[in-house]
Structure formats: structure tokens, C-alpha cells
Amino acid sequence: MKNLSGSELEKKNAAEKACELVSEGMVVGLGTGSTTAFAIRCLGRRIAEEGLHITGVPTSYASEALAIECGIPLVSLDRSPVLDLDIDGADQIDASLNVIKGGGAAHTREKIVACSAKKFVVVADNKKFTATLNRSVPIEVLPYARRLVERELRKLGGACKVRTCPGKDGPVISDNGNFILDCEFGEIPNPAALGEKMSLIPGLVEHGIFTTAAEVYLGFEDRVEVLRRKV
Ligand code: 5RP
């Protein structure tokens, strides 16, 4: 493998530590993004080298393609509606394990898979950790409802921009055929309450606030810290 940069090594360490949770026979959610890609590759290696039998449920076309390349057998949510474990990345994580996701525009499927799993764990480099969430929240919206959703989000204190493809004029289109809004709220002291309000907006397909992570694997160059939800 090529030499990894510091942050790639942090991501790899976090992802590979979380893969230790995976055991024989499990159905595992395969998240999306550069950190989860290390987990997908690690699971592919374990299948090849240890003869591990697992099936994966991908959260995006990108993770599906990588899983196929790595030799991970896949199954649909229709066939396997309850997963043993879901491993996914994050854009920001707070001290209560609330998470913002959707940097890769995949958060709708990611949330469906996370909520279908008995255990949802997050893997990330340590720079994603913050005391209070404060980055923009990705929001998937039906193109037809965009103006209504923007207006309702403004009432909640959010300022939205439609995400566009770098170097092109057009909007990013999600795997579900929708637009992505990136919505700035400033500091988000109560992510669950904001998420509940956003979920009531007609035409808003899904927002990127996740509040159900059981554990977060935070990668450093020389170690991994595991944060567990307080019950
Ligand atoms: C995709 C996501 C990703 O998990 C998130 O953006 C983190 O990505 P990366 O591991 O590349 O930093 O939510 O929708």
C-alpha cells in the first residue's frame, strides 16, 4: 500500500479497529466515504484471508462498487431488514455522540441502514470531534419542494445553499435523484430537537443529524479512542 498521510492513517486506524466488532455470520452495514472505505477493504481482506462469512448492506452506489471490488457478498434490506452492525463515517461528532453526516450526499440511505442495525458505530479521524456541533447540516430535498424547504429551514435559523458539483454549474444529485442543501445553523446545542423539527418539513427527505451512534472510533496516528454512549 502507498504511504498514507497522517489523516489517512487516522482514518485507517479507526476503521480497522471497528472491524474487530465483525464476526462470523454477521450482516454488516457498509457506510460511505473515505474512512469507511478502509473498513470495506479490511472486511474484504478478512473474507479472503480468514474465510470470514459475512454479508454487507451498502449505503450508496459508491460503497456497493467498492464492496463488490473487495469481494464482499451483498444483500438488500428487503432480504435482510435487520443488520447486526453498521459501520459508517462522520463529518462532525460531539461529546454526546451526536453526529453530522452527509458530506458524501449519502445520509438518507446511511440513516436507513444505521436505524436498521442492532448497533451503529462511527469511524472518524480525531479532527472530526468537537464540543458542540457547528458545521453545515446536509439536507436531502425533493427538487419539487426546494423553495418550501429553504423557507421552513430559515424559520429554524438555517441558511441554505444547494450543493453543486465542483467545476460544474449543476446541483449534486443524490443516489435517490434528489438535491442536497447545506444548511448553516451556527452552533447546534440540541441536535435532537433541531432534527425533530426538520423532519416535519414536507419535501425534506432526510437531514444529516444522527443521534443513535452507540460507539465512536476516533483515530489518531498511533492509537484509537473508543467513545461509548452514556446510558
Ligand atoms: C457520506 C458521509 C461520510 O460518512 C462522511 O462525509 C465522512 O466522510 P469521510 O470518511 O470521507 O471523511 O456521511 O454521506
* Asked: In square angstrom, what is the accessible area per residue of segment 76-231 with a 1.4 angstrom probe?
  -> 49
* **For Cys19, net neighbour charge (Lys/Arg +1, Asp/Glu -1) across residues whose Cβ lies under 15 Å away** => -2
* On the protein heavy atoms, probe 1.4 angstrom, tell me the percent of accessible surface of the chain carried by carbon and sulfur. => 52
* Structure fact -> Filtered hits (aspartates and glutamates, Cα-Cα < 20 Å from Lys168, offset >= 8 within chain) -> Glu140, Asp182
* Residues listed by number, segment 45-87, amide nitrogen under 17 Å from Glu24 label point at 7 Å toward C-beta -> 46-55
* Asked: When the convex hull of the C-alpha atoms of the chain is computed, what volume per residue in Å³ does it have?
  -> 134
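State, as an integer percentage, the relative contact order of the chain based on alpha-carbon contacts under 8 Å between residues 6 or more apart.
Computed over the chain, the figure is 24 percent.
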* Asked: Per the helix-only calculation at 222 nm, which mean residue ellipticity applies to the chain, given -39500 (n - 2.57) for every DSSP H run of n ≥ 4 and division by its residues, nearest 500 deg cm²/dmol?
  -> -9000 deg cm²/dmol
* Structure fact -> Expected max-MSF residue from Glu150, Glu49, Glu140 in the GNM of the chain (alpha carbon, under 10 Å) is Glu49
* Could you name the lysines in cross-link range of Lys127, using Cα to Cα under 21 Å and dropping any fewer than eight places away on the same chain? -> Lys11, Lys12, Lys17, Lys101
* Structure fact -> Cα pairs beyond 26 Å in segment 87-203, in percent, come to 17
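The values are calculated or read from the model by the stated rules, or taken from the named source; none is laboratory data. A quick note: this is a predicted structure, and the numbers were derived from the prediction, not measured. Using ideal geometry, Cβ is built from the backbone for each residue, glycine included, and neighbour counts are taken over all protein chains shown. Surface areas here come from the heavy atoms of the whole protein model, side chains and all, with no ligands, DNA or RNA. Shrake-Rupley method; radii C 1.70, N 1.55, O 1.52, S 1.80 Å.
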